[in-house]
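Right, one structure below, let's go through it.
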Amino acid sequence: MSGMWGRGSGQRLGRRFGWFWGAYASSALGTWLAFGAFPLIAIEVLHAGPAEVAALASVGAAVGAAVAVPLGPWMEFRRKGPVLIATDLVRCAALLTIPAAFALGVLTYLQLLLVSVVVAAADITFRAASGAYLKTLLPAEHLLVANARFESTAWTTTIIGPPLGGAATGLLGPVATVVADAVSYLLSALGLRAMGGHEPPPERREAARMRAGDLLDGWRYILADAALRPLFFNTALFNALVMATQPLLAVLMLGHLGFAPWQYGLAFAAPSIGGLLGSRLARPLVTRFGQHRVLVVSGALRALWPVGLAFLGPGTGGLLLVIGVELGLIFCCGVFNPVSATYRLERTATGRVARTLSAWTVTVRATTALLTAVWGVLGSLLGARTAIGLAGVLLLATPLLLPRRRSATERTDNRLPGGDGAGSTAA
């Protein structure tokens, strides 16, 4: 397994990274295999209505983000390897309660909601801990390569996971894909356990106990940094506006314009190839043009595409329009995401990574949940097409929030081998 995942991109990052990458690939594939499983279970097994299905996604994500808030400061002063394994096992155990309850005939909507909260909180914790762990695992010059591989893997699993999950759902039912997702987390935990090696001890907490003010440390650190602050707001707003329009786009395509479900799936699966291409080009582009320029240009270009969805029409022309818009958007994101993740880690001292990434992810998830609810209301009042167009226009302004220039005071510890900045990435 480690040999398989240790190759690619023309640079070897070692056996331990190979296992780390393989663990990520396993859980990512499981997530996409089970894509849409919870709504399907709610509808087909529990006969839930539209409001309950919507709440399952939005409330679960929002409450999960709130639960994860104290976990960032807590994990900062603990070894990240055991935290990663524990969050994988927690997600595995939580998901396995669903097929167990289903088999016993006692599955309820409340259980689905609680499991979605646990999984969301564990996912945020895992992402923050994995970024902190990767920062100590690899030297700084290898971080962009690693992040590009994670990005490439994410888009690969996006392409192959939903079709395989859909086939499994058709043959065995949606509960089967939940089992597959749970097993993927178990395999991830085993892969992380197989990494071995030594993890540097974390910094020691100054106070004996965590105080209420410690919960805001991640946000204080981000907002105090002139480079991280604009990128933070840009990421939260961009992701939220893009995701908020997805339900409306489904209503527009599957309802008003009469696209078949397979056409809707094709419109979003095929463009994921752009993510693979973009992630492969990220490092060569940075080598040639510099990190800051690639970050700003790709971040600006990705904001230009979504407004095109407001002009979506029926038939083959409309389908090609969606594929073209999504291809351009995803390609730019494929370049931007690994560069942004690397930039963020390089700007964050090692003793602050877990808190910073946790605060970052919590904000993005909460903002996405909020704007999804807001755009649902706007879609009802203005119509789906108008609401999608409004989001596209607002996205055109998000490049104004990107870092305007290279920071004049790059942290010295980010340039010292073995210092606080000797590595970086984000999951």
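The values are calculated or read from the model by the stated rules, or taken from the named source; none is laboratory data. Here the structure is a predicted model, which is why all the values come from computation and not from measurement. We place every Cβ from the backbone using ideal geometry, glycine too, and count neighbours over all the protein chains shown. Remember, those area values only see protein heavy atoms, side chains included, never the ligands or the DNA or RNA. Shrake-Rupley method; radii C 1.70, N 1.55, O 1.52, S 1.80 Å.
Summary table
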{"quantity": "Percent accessible area from carbon and sulfur atoms, the chain, protein chains only, probe 1.4 Å", "calculated": "69"}
{"quantity": "Assigned charges on the beta-carbon of Lys, Arg, Asp, Glu; the chain dipole about Cα centre (debye)", "calculated": "1240"}
{"quantity": "Derived scalar couplings ³J(HN,Hα) [the stretch 109-121; Karplus, 6.51 cos²θ - 1.76 cosθ + 1.60; whole Hz; x for Gly, Pro]", "calculated": "5, 4, 5, 4, 5, 5, 5, 5, 5, 4, 5, 5, 5"}
{"quantity": "ARG15 paired with ILE43, simple spin-label distance in nm, labels 7 Å along Cα-to-beta-carbon", "calculated": "4.8"}
{"quantity": "Extension gain from PHE289 to ALA93, taking 0.36 nm per residue of separation minus the Cα-Cα distance", "calculated": "66.0 nm"}
{"quantity": "Point-charge dipole on Cβ atoms (K/R +1, D/E -1) for the stretch 67-194, about Cα centre, debye to 20", "calculated": "280"}
{"quantity": "Theoretical gain in end-to-end length, THR386 to ARG229 [0.36 nm per residue, Cα-Cα removed]", "calculated": "53.4 nm"}
{"quantity": "Contact order relative to length of the chain, as percent, for alpha carbon pairs under 8 angstrom and 6 or more apart", "calculated": "28"}
{"quantity": "Cβ-Cβ FRET estimate between GLN111 and ALA270, R0 fixed at 35 Å, reported to 0.05", "calculated": "0.45"}
{"quantity": "Probe 1.4 Å, protein heavy atoms only - accessible area per residue of the chain in square angstrom", "calculated": "44"}
{"quantity": "For a label point 7 Å along the Cα-to-beta-carbon line of ALA260, residues of the stretch 148-162 with backbone N under 15 Å", "calculated": "none"}
{"quantity": "R0 of 35 Å, Cβ-Cβ distance GLU199-VAL374: FRET efficiency to nearest 0.05", "calculated": "0.25"}
{"quantity": "Positive-pole candidate from ILE124, ASN147, GLY105, dipole of the stretch 105-212, charges at beta carbon", "calculated": "ILE124"}
{"quantity": "Residue-wise HN-Hα coupling along the stretch 306-319, computed from phi with Karplus coefficients 6.51, -1.76, 1.60 (Hz; x: Gly, Pro)", "calculated": "x, 4, x, 5, 5, 9, 5, x, x, x, 4, x, x, 4"}
